[in-house]
Amino acid sequence: MEFKITDKRDLNSEDYLIEVETRHIAERWKPGNFVILLLHPNGERVPMSVQKAEDGRISMFIKKLGKTSIELYEKYQVGDCIDHVIGPLGNPVELKRYGNIVLASDLVCGHAENYGMAKSLSTIDGNHVISIQSFPNKNEVYPRDVLAESVCHEYYLTTLDGSYGLEGHYLDVLRKLLDKGRVDIVFAGGDIAKLRDLANLTKPYGIPTYVTVRQIMVDGTGMCGSCRVLVDGEMKLTCIDGPIFNAHKVSFDEVLRRLARFQKEEKEAMEFYRRK
Ligand SMILES: Cc1cc2nc3c(=O)[nH]c(=O)nc-3n(C[C@H](O)[C@H](O)[C@H](O)COP(=O)(O)OP(=O)(O)OC[C@H]3O[C@@H](n4cnc5c(N)ncnc54)[C@H](O)[C@@H]3O)c2cc1C
Ligand code: FES
């Protein structure tokens with residue numbers, strides 16, 4: 001099977017969009033599902049969220065972070081093929097009437113999910129979808145056509161330095177919406193430490209809050225145990241029990257600790273890639 005790249009472009013100085021032909025996944029994907037990419041037989045398997053699935057293709061937003069994400073950016077062009085795209089994996093969000101839904105994101109993976117969830121949830125009667133997306137500054141804001149603005153009912157864009165949109169983080173906008181009683185449920189993805197702050201913010205208001213947990217994955221099908229996470233004191237696997245979990249029950253400190261456990265090896269893999 002061929003997984004041909006049909007689009008690739010910069011979103012900002014660190015993130016890029018890649019679109020891949022994969023009819024099988026595009027027809028089955030639902031918001032919340034993720035995929036795993038394997039560039040070539042010697043490559044590493046990297047999980048990615050999906051922004052949208054249309055016409056037999058899926059689009060992803062990817063951060064140039066380490067060996068695989070940089071190799072894909074530097075060595076693969078439109079028309080080239082990726083060895084494997086595996087999915088859809090994980091559990092999708094339940095598409096139903098929730099009322100006032102806030103979707104919040106501040107990082108590449110969260111922005112992809114924000115768009116995908118907004119597009120589907122906003123078509124359901126009785127839902128009012130409020131999307132909040134945060135970027136570091138004006139220069140790092142994504143192009144308009146990939147922002148969730150066009151697929152939600154109410155939209156807020158923030159920059160941390162106030163150079164575009166509202167000044168601050170999505171947490172600042174959310175706090176005001178909570179105070180006005182305008183939130184029935186929150187879904188968020190992105191920076192894990194900020195997701196921990198989000199959980200602490202919404203808990204006293206008693207607002208159900210769900211977050212996409214990123215953890216280091218290998219097989220993505222529940223076999224290796226690499227992606228385990230503590231939820232309400234119980235061990236869960238991010239790939240098959242998640243990746244979306246109740247934020248008020250996730251042990252974020254444990255997530256952060258486990259995410260950092262291969263930093264030495266990741267640095268070495270990057271150095272090896274650069275030497276080749
Ligand atoms: C469910 C899920 C959805 C994700 N969605 C996106 C997305 O939409 N866009 C995006 O840019 N990134 C996403 N990620 C993170 C992405 O998988 C990592 O950034 C990627 O694996 C980094 O690989 P690398 O070789 O480029 O960098 P490396 O140098 O190998 O790793 C850099 C950092 O990425 C994380 N990471 C590394 N390997 C893995 C792995 N196998 N599984 C999970 N995390 C890993 C670790 O925190 C690590 O410190 C997602 C992760 C998960 C679990
Ligand atoms: S990635 Fe192996 S159990 Fe989840």
Open item on the list: Whole percent per 5 Å bin, from 0 to the bin with the longest distance: what is P(r) over all C-alpha pairs of region 143-193?
Closed with: 4, 16, 23, 30, 21, 6, 0
TODO: Provide Rg and Dmax in Å for the chain, with only Cα atoms included in the calculation.
DONE: 18.0, 56
Task: Share antiparallel - DSSP beta bridges, the chain, percent rounded to 5 - done: 60 percent
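If the only charges are +1 at each Lys and Arg Cβ and -1 at each Asp and Glu Cβ, what is the size of the charge dipole of region 68-180 around the Cα centre, to the nearest 20 debye? Provide the component values of the computation, followed by the final result.
Values: 9 positive and 16 negative charges, 90 e Å.
About 440 debye.
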TODO: State the percent of C-alpha pairs, over all pairs in region 39-145, separated by a distance greater than 24 angstrom.
DONE: 34 percent
- [ ] Report the accessible area of residue 156, computed with a 1.4 Å probe over the heavy atoms of all protein chains in place, in Å² rounded to the nearest 10.
- [x] 60 Å²
TODO: In vacuum, with every alpha carbon of region 123-220 counted as one equal point scatterer, what does the Debye formula give for log10 I(q)/I(0) at q = 0.15, 0.17, 0.21 Å⁻¹? Two decimals, please.
DONE: -0.68, -0.86, -1.21
Task: Bridge type composition, region 178-264 - antiparallel percent by DSSP, nearest 5 - done: 75 percent
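In debye, nearest 20: dipole of the chain around its Cα centre with unit charges on the Cβ of K, R (+) and D, E (-)? Please list the in-between numbers first.
Numbers: 37 positive and 40 negative charges, 80 e Å.
It works out to roughly 380 debye.
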Task: Relative contact order (%) - criterion: Cα under 8 Å, at least six apart; region: the chain - done: 16 percent
TODO: Before anything else, pin down the relative contact order of region 10-82: Cα pairs under 8 Å, at least 6 apart, normalised by residue count, whole percent.
DONE: 35 percent
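Under a Cβ-only charge scheme (Lys and Arg +1, Asp and Glu -1), can you give me the dipole magnitude of region 54-113 about the Cα centre, in debye to the nearest 20?
Details: 7 positive and 9 negative charges, 36 e Å.
With only Lys, Arg, Asp and Glu charged at Cβ, the dipole is about 180 debye.
The values are calculated or read from the model by the stated rules, or taken from the named source; none is laboratory data. A quick note: this is a predicted structure, and the numbers were derived from the prediction, not measured. Counting neighbours? That spans all protein chains shown, and the Cβs are built from the backbone with ideal geometry, glycine included. Accessible surface areas use protein heavy atoms only, side chains included; no ligands, DNA or RNA. Shrake-Rupley method; radii C 1.70, N 1.55, O 1.52, S 1.80 Å.
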